[in-house]
Amino acid sequence: MDSPRRHHRYYDLILTAFVVVLLCSNFIGAGKAAVIDLPYFGAVPFGGGILFFPIAYFFGDILTEVYGYAYDRRAVWAGFAALAFAAIMAQVVIALPVAPGDYMANYQHGLETVFGNSWRIALASMFSFWCGSLVNSYVLAKMKIWTQGRALWMRTIGSTAVGEMVDSSFFYMLAFYGIWPTHEIIQVALAQYILKTSWEILATPLTYLVVNYLKRKENEDFYDIHTNFTPFRVKV
């Protein structure tokens with residue numbers, strides 16, 4: 001029989017923040033291809049959601065490092081459910097009959113432009129994020145055991161690099177193939193991977209601060225030695 005785990009003071013807050021970041025980065029920013037001018041590289045396209053989506057991986061690293069793989073897996077499933085509900089809600093709202101008037105006609109057009117592809121974005125996001133996040137958590141949990149809890153920076157950066165590679169390999173191709181030119185999809189996916197991994201490197205000092213704070217306050221530093229790593233469960 002699995003041993004019961006105690007209640008944690010901050011887990012619910014982190015889980016909520018995790019889901020909010022996931023929803024906003026995927027529905028507000030993912031559909032826009034922006035561009036930035038970089039020295040030596042020129043104009044580099046990237047998805048707007050990249051500015052905020054890495055925060056979800058930041059939270060995932062914290063959850064795995066402090067509470068363990070099972071708690072992060074539950075958060076990933078919560079985010080999965082939230083994305084599914086948001087996609088269904090968007091399609092229902094778009095399908096509702098439009099009230100008469102120019103304002104509502106323009107408003108409907110705006111909704112269809114922004115959220116009309118939301119079902120495809122949501123499916124691509126759910127699949128790629130589910131795969132990438134669980135891979136990220138698994139790699140971090142295993143590396144924590146291998147390093148005996150040392151070199152947090154190596155675990156967070158290494159696991160994010162692997163997880164983001166899986167995520168970036170799926171998302172933009174599944175979400176925008178046939179909508180964006182293929183060469184632009186590849187450019188955006190590569191830029192997304194490089195920028196999101198770089199974001200994790202820059203966030204390392206903050207990761208140390210948050211992880212150390214939570215470990216002290218929660219009196220928790222979990223090692224996934226006997227963890228069941230199946231992704232198809234939410235039990236902790």
Elements of type helices (runs of 4 or more DSSP H) contained in the range 44-153, each with 1 or more residues being touching a residue at least 12 places away in the same chain (Cβ under 8 Å) and closer than 25 Å to LEU13 by Cα = 54-66, 69-95, 118-146
Name the residues in the range 108-138 that are in contact with a Gly (Cβ under 7 Å, 6 or more places away or on another chain), of a type in the set (S, T, N, Q) and either at pLDDT 90 or above or open to solvent by less than 10 Å² (accessible area, probe 1.4 Å) (or both), would you?
-> SER133, ASN136, SER137
Candidates ARG155, ARG150, filtered to the one that is open to solvent by less than 30 Å² (accessible area, probe 1.4 Å) and more than 18 Å from PHE18 (Cβ to Cβ) = ARG155
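Would you confirm, using the coordinates I've provided, whether ILE179 is over 19 Å from ILE50 (Cβ atoms) and β-branched (Val, Ile, Thr)? Explain how you work it out, then say what you get.
On the way: over 19 Å from ILE50 (Cβ atoms): no; β-branched (Val, Ile, Thr): yes.
Taking the combined requirement at face value, the residue does not satisfy it.
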Are any residues in the range 196-209 touching a helix residue (DSSP H, G or I) at 6+ places or on another chain (Cβ under 7 Å) and surrounded by fewer than 19 Cβ atoms within 10 Å (Cβ to Cβ), and if so, which ones?
-> ILE201, THR204, TYR208
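Quick grid of which residues meet (1) within 19 Å of the chain's Cα centre (by Cα); (2) of a type in the set (D, E, K, R); (3) more than 23 Å from ALA34 (Cα to Cα):
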position: ARG155; (1), (2), (3): yes, yes, yes
position: LEU174; (1), (2), (3): yes, no, no
position: ILE179; (1), (2), (3): no, no, no
position: THR182; (1), (2), (3): no, no, no
position: LEU190; (1), (2), (3): yes, no, no
position: SER198; (1), (2), (3): yes, no, no
position: TYR223; (1), (2), (3): no, no, yes
position: ARG233; (1), (2), (3): yes, yes, yes
Residue count for the range 54-79, restricted to those that are among the hydrophobic types (A, V, I, L, M, F, W, C) and open to solvent by less than 20 Å² (accessible area, probe 1.4 Å) | 8
For the range 168-215, which residues satisfy the criterion of being farther than 16 Å from PHE129 by Cβ, assigned to a helix (DSSP H, G or I) and not aliphatic (A, V, I, L, M)?
-> THR182, HIS183, GLU184, GLN187, SER198, THR204, PRO205, THR207, TYR208, ASN212, TYR213, LYS215
For ALA34, which of the numbered conditions (1) assigned to a helix (DSSP H, G or I); (2) under 23 Å from MET165 (Cβ atoms); (3) touching a Gly at 6+ places or on another chain (Cβ under 9 Å) fails to hold?
-> (1)
Restricting to the range 158-167, what's the tally of residues that are open to solvent by 10 Å² or more (accessible area, probe 1.4 Å) and either over 11 Å from TYR193 (Cα atoms) or of a type outside the set (A, V, I, L, M) (or both)?
-> 1
Going by the structure shown, is GLY163 outside any helix (DSSP H, G or I), within 24 Å of PHE222 (Cβ to Cβ) and in contact (Cβ under 8 Å) with a residue 12 or more places away in the chain?
-> no
Does at least one position in the range 225-236 carry a residue that is assigned to a helix (DSSP H, G or I) and either open to solvent by less than 30 Å² (accessible area, probe 1.4 Å) or under 17 Å from GLY60 (Cα atoms) (or both)?
-> no
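The values are calculated or read from the model by the stated rules, or taken from the named source; none is laboratory data. Not measured: the values here are computed from a predicted model. Note that each Cβ is placed from the backbone with ideal geometry, even for glycine, and that neighbours are counted across all protein chains shown. For accessibility, only protein heavy atoms count, side chains too; no ligands or nucleic acids. Shrake-Rupley method; radii C 1.70, N 1.55, O 1.52, S 1.80 Å.
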